[in-house]
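Have a look at the structure below before the remarks.
Every number in this text was worked out from the coordinates using simple rules, so none of it is lab data. The structure presented is a predicted model; accordingly, all values stated were derived computationally and were not measured. Every residue, glycine as well, gets a Cβ built from its backbone with ideal geometry; the counts of neighbours run over all protein chains shown.
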Amino acid sequence: MAIYPMDQRNKWRVRIWRKGQRRDRIVTGTKADARQVEAQMLLEPDDPVPQHEVREPEAQGSKAQEQYAPTFLDFCTGDYRLHAENHLKASTWTVRKYQIATLTEHFGGTRLDAIEATHVEDFKRAQLRKGLRQSTINDQLKVLGAILSYARTLGIPCASPKLIRLPVRGKRRALAWTPEEVQRLCGAAAELHPDILPLVVFLANTGCRRGEAMALKWRNVDLDNRRILIEACEEWQPKNGKSREIPINDALLPWLAGDKRRSKEWVFPCPETGGKYAYWPQRKFDEARKRAGLEGGPHTLRHTYATELVRVTKDLLLVARILGHSHQRVTELYAHILPDHLDTARAVSAFQCPVSPATVEASRKWGVSVKTVRETVREPDSHTAAR
């Protein structure tokens, strides 16, 4: 279902789908009038068009299929856009709009039922020629699959091409800064933009995401018990949808305690407005980072906190709980930090074999059975020897 404004003033296109077929009507009036017509269309099975409405002429013959299978562009700007805006987080939809724009450049004029595997392969080659990373292209293919899947859910004729993702080799370990580098960053922020310094200190000592920091309210800060509650709210939705608690350490406590509140609601208000940050202060952060001579971004502070937490506690489960990881594979980014994980695994399994490698080699060299070799050299039982 969708209502689109037309080029002519006070004209609206009302579109619904029923039994895999698209029904359009042109309505003259206000948007409220268009919504009323939309409600009538949903209630009327196959009734004739009321006199005050004008039905858009339907294609006949071979062109009828074009009505039933919209182009990729029409579907994305109509039905899928409404669906995504209602079901995706605002931050996710912001990114997805750019991904859809990229997909539209290649598939925009193609009908949904005409998208074939060859089109997908052409898209991948075109993106690789542009220099995009394999992981970025795979994310775009994931969005393409989601769009086609939603079209099939609506009963729209739609192709089902196999979306084969590109191999991603040589994944780099998560970039993390040393304590000395974090100190340099804080010093540069204090010199250039002291207003973002509390944010930097908070991210470095909690491992929170920047969106979680900007949406943090004082009611979720418990200074007496030294813990912070990160929960879903209108301003922020955790990736795994679950609330979690994080501790307030000694380095962070002075930045939250005392009479330093610039807002009764927000822990880190925007200095210009006094309200919630609309966007992460990227320019200020980048200037401080460059002054400190570092590579990375605000998310690097999250990796840095996780790296130090693993190094000290050696507990990946604790890291997952504190950082609110949505999947175990995210936590495994830090598994290499455990200094003794190989020694621990080495001591767990020691399954002895009753035959030594030398016996097997002698059997091969002399052309006799292993039993003959053992009887000749009177090889002791390996379990007895081990004891």
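By how many nm would the segment from VAL377 to THR28 grow when fully extended, if each residue of separation counts as 0.36 nm and the alpha-carbon distance is taken off?
Details: separation 349, 0.36 × 349 = 125.64 nm, distance 10.22 nm.
Net length gain for the segment: 115.4 nm.
Would you mind checking the pairs LYS97/LYS242; LYS89/LYS290; LYS11/LYS31 and listing those with alpha carbons more than 20 angstrom apart? Walk me through the numbers before you get to the answer.
Details: LYS97/LYS242 26 Å; LYS89/LYS290 31 Å; LYS11/LYS31 9 Å.
Long pairs (Cα-Cα over 20 Å): LYS97/LYS242; LYS89/LYS290.
Fully extended, how many nm does the chain gain between LEU318 and ARG261 (0.36 nm per residue separation, minus their Cα-Cα distance)? All intermediate terms of the calculation are to be shown ahead of the outcome.
Working: separation 57, 0.36 × 57 = 20.52 nm, distance 3.09 nm.
That pair, LEU318 and ARG261, stretches by 17.4 nm at full extension.
In whole Å, what is the distance between the alpha-carbon centres of the range 76-130 and the range 242-305?
Centre-to-centre distance over Cα atoms comes out at 34 Å.
Extension gain VAL370-ASP139, at 0.36 nm per residue separation less the Cα-Cα distance, in nm? Present the calculation step by step, with values, prior to reporting the outcome.
Values: separation 231, 0.36 × 231 = 83.16 nm, distance 5.61 nm.
Contour length minus the Cα-Cα distance gives 77.6 nm.
Using a Förster radius of 56 Å, what is the FRET efficiency between ASP286 and CYS353 based on their Cβ-Cβ separation? Nearest 0.05, please. Numbers along the way, then the final one.
Values: r = 59 Å, r/R0 = 1.05.
Efficiency, from the Cβ-Cβ distance: 0.40.
Could you order the peptides 183-196, 200-213 from most to least packed, using the average number of other C-beta atoms within 10 Å per residue? Each step should come with its number before you reach the end.
Working: 183-196: 17.2, 200-213: 22.1.
Ranking, from highest mean packing down: 200-213, 183-196.
With r defined as the distance between the Cβ atoms of LEU132 and ALA190 and R0 fixed at 56 Å, what FRET efficiency is calculated, to the nearest 0.05? Mind showing how you got there, number by number?
Values: r = 38 Å, r/R0 = 0.67.
So the FRET efficiency works out to roughly 0.90.
If you average over every viewing direction, what projected area does the convex hull of the Cα atoms of the range 108-160 give, in nm²? Let's see the in-between values first.
Details: hull surface 14.5 nm².
So the Cα hull casts an average projection of 3.6 nm².
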